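Trainee: Input: one structure, supplied below.
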Amino acid sequence: QVQLVESGGGLVQAGGSLTLSCGASGDIRWISKMGWYRQAPGKEREFVAEIMSSGTTYYADSVKGRFTISRNNADNTMSLQMTSLKSEDTAVYYCNADIQTWVLANYWGQGTQVTVSS
């Protein structure tokens with residue numbers, strides 16, 4: 001019943017910017033933490049950033065200072081503003097969230113491709 005959908009991926013030149021969005025739908029009472037993960041070809045999925053219900057944010061060292069995560073509880077959306085993009089940022093980016101319906105569970109989106117050309 002709960003679904004996460006990412007959008008905003010695409011092709012961008014190195015040094016450029018791109019903003020990803022994630023929208024949650026379904027019988028949602030509350031979303032606790034929300035975050036972004038990414039997976040490049042041949043690599044394991046890795047943590048990128050997360051934002052807690054308190055507003056506290058955490059970032060992977062590789063993106064700190066370049067990416068900014070935010071959330072809008074009014075429409076159950078989350079964004080990842082990416083700047084100074086590098087070729088190493090090329091990956092499929094996945095939205096992840098802990099969502100309270102009648103129970104608390106973790107959900108994943110299907111992913112959106114980000115390709116950074118050098």
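Trainee: Is it the case, given these coordinates, that ILE69 is among the aliphatic types (A, V, I, L, M), at pLDDT 95 or above and within 15 Å of the chain's Cα centre (by Cα)?
Mentor: yes
Trainee: Of SER25, SER21, which residue is surrounded by fewer than 20 Cβ atoms within 10 Å (Cβ to Cβ), within 22 Å of THR101 (Cβ to Cβ), within 10 Å of the chain's Cα centre (by Cα) and in contact (Cβ under 8 Å) with a residue 12 or more places away in the chain?
Mentor: One residue alone meets the criteria, SER21.
Trainee: For region 1-18, how many residues are part of a strand (DSSP E or B), open to solvent by 50 Å² or more (accessible area, probe 1.4 Å) and closer than 17 Å to ARG38 by Cα?
Mentor: 3
Trainee: For region 43-56, give me each residue that is surrounded by fewer than 15 Cβ atoms within 10 Å (Cβ to Cβ) and over 14 Å from ASP89 (Cα atoms).
Mentor: MET52, SER53, SER54, GLY55, THR56
Trainee: Considering only region 79-118, give the strands (runs of 3 or more DSSP E) lying wholly within it that have at least 1 residues that are free of Cβ contacts under 8 Å to residues at least 24 places away in the same chain.
Mentor: Fully inside region 79-118 and qualifying: 104-108.
The values are calculated or read from the model by the stated rules, or taken from the named source; none is laboratory data. Please read all numbers here as calculations on a predicted model, not as lab measurements. Heads up, the Cβs are rebuilt from the backbone with ideal geometry, glycines too, and the neighbour counts pull from every protein chain shown. Surface accessibility is based on the protein's heavy atoms, side chains included, excluding ligands, DNA and RNA. Shrake-Rupley method; radii C 1.70, N 1.55, O 1.52, S 1.80 Å.
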